[in-house]
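Let me begin by presenting the structure, written as structure tokens, before commenting on it.
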Amino acid sequence: MKATMKALVYGGVGKIELKEVPVPKIQKSTDALVRITKTTICGTDLGIIKGKVPTVQPGTTLGHEGVGIIEEIGPSVRNFKKGDHVIISCITSDGSCEYCKKGMYAHCEDGGWILGHLINGTQAEYVCIPHADNSLHHIPAGADEESLVMLSDILPTGYEIGVLNGRVKPGDTIAIVGSGPIGMSALLTAQFYSPAKIYMIDLDDNRLATAKKFGATDLINSANEDVVKKIFAETKDGVDVAIEAVGLPATFDICQNIVRPGGNVAVIGVHGHSVDFQLQKLWIRNITLTTGLVSTFTTPMLLKNVSSGKLEPKKLITHHFMLMDILEAYDVFGNAGKEKAMKVIIDAEGVNEPKAATTKKRELAEI
Ligand SMILES: [Zn+2]
Ligand SMILES: [Zn+2]
């Protein structure tokens, strides 16, 4: 195996670079070295570059999503072997601490969200995964690799933190504020429970049109319409579940203003500022407010639904790039509105192939 590899390295606020770095080595007996085949960029990565996550040290390889093939395992790894095809969970967990025993892997005492945050991540040719037995998932033979990249983070996040925390039930009226990849993941997985009405709220008409194709029943462009007024005109007294999938005070505000008595506000967005929580109005309304970092305990269930074709996360993929062109991929993903981008797939195999032959674009409209 070669000694160095290409990796997308954080260089401090506003700086990223595709660099040649040493290939990681197994450090603990529970580690696995994975050769990445496909990875992607998350909104959180853009947040890191903007300086929103100061715990990321310059020199860290970014990325917490991806699929790949096991290259080497530590001597204590029991569930995986060299050559296994795996999904890398964005959450690393030892499976044995107090939090893990409750299924709250997000808060694992020797893990949690560390990939591309506190340790080197997946936007590279290889990544070392700690606690491999509990942090990787086997890919069934014949499964579509690209679809499964969506299972590292966005589908479990939309489902666990939006739909499950929001307690979406059959017949509910729900509203999802923000139709980026996470909002779309909540939209796709909320439909497991047959809500009667799904409002999708965004500033981007193109994204709203995509949401309609993915199952939203009602669209509101919050740039042109007063969301609160419209929802109160069309419902008895607001929505049963309001899912916040942006991470701004304004989008939180919409959610707290449209939830009906007894309803749920499920916050998924990564918030960088305090919000104006109207407790003086809400205390009497019996609402439930939830927040959270995904634990990915639903990944095996989601994998079954993707394998059977019930859930089609491939629909979220709009662009493809080679790892060599990852800076261009960041440009496109960072200008998602203009570029009509949702999720971009980065192919980490064949890093030296020429760009023209391998970069292709697919419009959502074609799906
Ligand atoms: Zn993410
Ligand atoms: Zn743990």
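The values are calculated or read from the model by the stated rules, or taken from the named source; none is laboratory data. Just so we're clear, the structure is a prediction, and the values are computed from it rather than from any experiment. Because the Cβ atoms are built from the backbone with ideal geometry, glycine has one as well, and the counts that use them run over all protein chains shown.
Observations on the structure shown:
- Summed over segment 97-115, residues that are hydrophobic (A, V, I, L, M, F, W, C), closer than 14 Å to THR296 by Cα and within 6 Å of ligand 2 (Cβ to nearest atom) total 2.
- Residues of segment 151-174 that turn out to be within 16 Å of ligand 1 (Cβ to nearest atom) and touching an Asp or Glu at 6+ places or on another chain (Cβ under 6 Å), as a count: 2
- The residues of segment 196-229 that are β-branched (Val, Ile, Thr), assigned to a helix (DSSP H, G or I) and surrounded by 20 or more Cβ atoms within 10 Å (Cβ to Cβ), listed by number, are THR210, VAL227.
- Looking across VAL275, VAL270, one residue alone is surrounded by fewer than 22 Cβ atoms within 10 Å (Cβ to Cβ) and touching a Phe, Trp or Tyr at 6+ places or on another chain (Cβ under 6 Å). It is VAL275.
- Close pairs (6 angstrom Cβ cut-off, 6 or more residues apart or separate chains): touching a residue at least 24 places away in the same chain (Cβ under 8 Å) in segment 298-311, surrounded by 12 or more Cβ atoms within 10 Å (Cβ to Cβ) and of a type in the set (S, T, N, Q) anywhere: VAL306/SER147; LEU311/ASN305
- From the options VAL127, VAL163, residue that is β-branched (Val, Ile, Thr), modelled with pLDDT of 95 or more and part of a strand (DSSP E or B): VAL127
- Selection count where residues are buried (at least 21 other Cβ atoms within 10 Å of the Cβ) and within 16 Å of ligand 2 (Cβ to nearest atom), scope segment 78-96: 5
- Of the residues making up segment 264-296, those that are touching a strand residue (DSSP E or B) at 6+ places or on another chain (Cβ under 7 Å) and either of a type in the set (Val, Ile, Thr) or part of a loop (DSSP other than H, G, I, E, B) (or both) number 9.
- Exactly one residue out of LYS102, LYS19, LYS25 is without any contact (Cβ under 8 Å) to a residue 12 or more places away in the chain and more than 15 Å from ligand 1 (Cβ to nearest atom), and it is LYS102.
- Positions within segment 28-44 being touching a Phe, Trp or Tyr at 6+ places or on another chain (Cβ under 8 Å) and either free of Cβ contacts under 8 Å to residues at least 24 places away in the same chain or under 16 Å from LEU327 (Cα atoms) (or both), in sequence order: ILE41
- Cβ pairs under 7 Å, 6+ apart, first in segment 228-240 and assigned by TED's automatic domain parsing to the domain that holds PRO195, second among the acidic types (Asp, Glu): ASP240/ASP172
- Pairs with Cβ under 9 Å, 6+ apart, first in segment 259-284 and over 16 Å from VAL177 (Cα atoms) and of a type in the set (Asp, Glu), second at pLDDT 95 or above and in a helix (DSSP H, G or I): ASP276/PRO249; ASP276/PHE252; ASP276/ASP253; ASP276/GLN256
- Unique match (being at positive phi and out of contact with any strand residue (DSSP E or B) (no Cβ under 7 Å at 6 or more places or on another chain)) among GLY180, GLY215, GLY142, GLY158: GLY142
- Of all residues making up segment 56-69, the number that are buried (at least 18 other Cβ atoms within 10 Å of the Cβ) and either closer than 30 Å to LEU164 by Cα or free of Cβ contacts under 8 Å to residues at least 60 places away in the same chain (or both): 8
- The residues on offer are GLY178, GLY111, GLY158, GLY121, and the sole one that is crowded, with 24+ Cβ neighbours inside 10 Å and farther than 25 Å from THR55 by Cα is GLY178.
- Subset of segment 116-133 [of a type outside the set (A, V, I, L, M), within 16 Å of ligand 2 (Cβ to nearest atom) and touching a strand residue (DSSP E or B) at 6+ places or on another chain (Cβ under 8 Å)]: PRO130, HIS131
- The condition of being crowded, with 22+ Cβ neighbours inside 10 Å, over 18 Å from the mean Cα position of the chain (by Cα) and at pLDDT 95 or above holds for ILE73.
- Verdict on PRO140 being away from ligand 2 (no atom under 16 Å from the Cβ) and surrounded by 24 or more Cβ atoms within 10 Å (Cβ to Cβ): no
- Boolean, PHE252 is buried (at least 16 other Cβ atoms within 10 Å of the Cβ) and over 15 Å from ILE287 (Cβ atoms): no
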